[in-house]
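Here is the structure we will look at, set down as structure tokens.
Nothing in this text is a laboratory measurement; each read-out follows from the coordinates by a stated rule. Because the structure is predicted, anything quoted here is derived from the model rather than measured. FYI the Cβ positions are ideal-geometry reconstructions off the backbone, even for glycines, and counts take in every protein chain you see.
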Amino acid sequence: MQYILYVFTTLIILGNNVSFMDYAHPYQVSFQDPATPVMEGIISLHHDLLFMITVIGIFVAWVLFRTTLNFHHTRNPVPSDITHNATIEVIWTVTPSLILMVIAVPSFALIYSMDEVIDPAVTLKVQGFQWYWVYEYSDYADKEGNAISFESYMVAEDDLEEGQLRLLEVDNRVVLPTNTHLRVLVTASDVLHCWAVPSLGVKIDACPGRLNQISLFIKREGVYFGQCTEFCGASHANMRFKVIAVSPTDYDTWLLNQTKPAIEWDDPLVLEGASVFKSAGCSGCHSLKPTANTGAKGRLGPNLTHLASRTYLAAGLLNNTSDVDTNIVNESYLQENLRAWIADPASIKPGNLMASQGAVYTDPDRALTESQISALVAYLTTLK
């Protein structure tokens, strides 16, 4: 009864266009609501095939029932000696062929529409790592030619705030415009991954050394959840991501914020932090846009441009917000998290590369002092 009420309520909500099912719900047995023409085609083809299978199944069941009933030994004590029937053989050969042809036409049309790339206005490059995603908007760059790039990690269950979805929330989200032709290039750096978003009708393999591409045309604004669907190791279940579709106007605003140069001040403590950032070797692994005062062009670690605007640090382990509904960074939380992370990253995220490869952590003679950590925190806090 509870399930029936749930389905009935959901149908009423969807009928009034109040909300959409863009992530899995309890007892869900259907598709998520489509947001692209491709997903609409997939659902339409599924419904058509399900109808045909149902009709064929009922017909076959009826034939079996009639055959069992009419040719039972009690009704036909003397078995028939018919060896063949050319008409019946032609019918059961031609009919399945016609059914397959009817199925093939929309199937091939849908497959070709999935592979077609129509003069994309936006290109998103997706790279899979064990076990997180890296995104790059290669169409947009700052004055120094650096493209918008960031990492996306799943937020740990212990760090979820009220209203956030378990095993679905991430620290950095992908932002894409609606009603725009998009191209997604997918690859991997280590093992096989797969970038899949059910509501968008996307499922594309990420293969090391190879670029796969797929086109998108998102028809409505919303938040869409995806994950890696190719088993890629121990933390495969943590390779989640979130796609936020916004209007073209909001997308342009987001782009302007992302391409703004990192703020640099004349404050002596901030300038000292920029110097420590360079002398401590941070710039060898991390990159900043622009690279003034640091020369940071590293690729091994995360890009730290606009670091102070991020709601999470350390792959989603450290929360910088005090209100999950507004996603506003609390500066005191940010400073506290930065200080804790810089002082001892291994205690927060065991096995991270920063603690195992950073010279200030592996060489006791180069360990950071409290004053240097304070200067670094002051500098990194300005990168909004």
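Quick one: which residues, 5 or more positions from Thr305 or on another chain, have an amide H under 5 Å from its amide H? H modelled 1.01 Å from N in the peptide plane, none for Pro or chain starts.
Lys289
Return the calculated 222 nm mean residue ellipticity for the chain, to the nearest 500 deg cm²/dmol, obtained by summing -39500 (n - 2.57) across DSSP H runs with n ≥ 4 and dividing by the residue count.
Details: 11 runs with 144 residues, N = 384.
The helix contribution divided over the chain gives -12000 deg cm²/dmol.
Quick test of the membrane-span-like rule: which DSSP H helices of the chain reach at least 15 Å along their long axis (C-alpha atoms) with mean Kyte hydropathy at least 1.6? Walk me through the numbers on the way to the answer.
Details: long enough: 2-15 (20 Å, 1.71); 37-70 (49 Å, 1.31); 86-115 (43 Å, 1.53); 248-259 (16 Å, -1.03); 268-279 (16 Å, 0.80); 331-343 (18 Å, -0.45); 370-381 (16 Å, 0.78).
Taking the DSSP H segments of the chain (at least 15 Å long, mean hydropathy at least 1.6), we get 2-15.
In whole Å, largest first, what are the principal axis extents of the Cα atoms in segment 37-115?
Over segment 37-115, Cα extents along the principal axes are 59, 23, 12 Å.
Computed from the coordinates I sent, percent of Cα pairs over 32 Å apart equals one of [x] 48; [y] 39; [z] 35. Tell me the label.
Computed from the coordinates, percent of Cα pairs over 32 Å apart corresponds to [x].
Using a 10 Å cut-off around each Cβ, can you sort Tyr27, Tyr137, Tyr361 from fewest to most neighbouring Cβ atoms? Let's see the in-between values first.
Numbers: Tyr27 9, Tyr137 20, Tyr361 17.
Going from sparsest to densest Cβ surroundings: Tyr27, Tyr361, Tyr137.
Where Rh denotes the Kirkwood radius from the mean inverse Cα pair distance, what is Rg over Rh for segment 122-259?
Working: Rg = 14.6 Å, Rh = 15.4 Å.
Rg/Rh for segment 122-259 comes to 0.95.
Give, to the nearest whole percent, the P(r) tail of segment 321-384 beyond 19 angstrom, counting all Cα pairs.
Numbers: 810 of 2016 pairs.
Cα-Cα pairs of segment 321-384 separated by over 19 Å account for 40 percent.
Under a point-charge model restricted to the Cβ atoms of Lys and Arg (+1) and Asp and Glu (-1), what is the dipole moment magnitude of the chain relative to its Cα centre, in debye to the nearest 20? Please report the intermediate quantities before stating the final value.
Numbers: 23 positive and 39 negative charges, 181 e Å.
Its charge dipole is roughly 880 debye.
Over the chain, what relative contact order in percent results from Cα pairs under 8 Å that are six or more residues apart? Write out the running numbers ahead of the final one.
Details: 645 pairs, mean separation 54.3, N = 384.
Averaging sequence separation for qualifying contacts and normalising by length gives 14 percent for the chain.
Limiting things to C-alpha atoms, what are the Rg and the maximum Cα-Cα separation (Dmax) for segment 191-268, in angstroms?
17.1, 52
Order 58-64, 229-235 from most to least packed using the mean count of other Cβ atoms within 10 Å.
On the way: 58-64: 10.0, 229-235: 14.0.
Packing order, densest peptide first, comes out as 229-235, 58-64.
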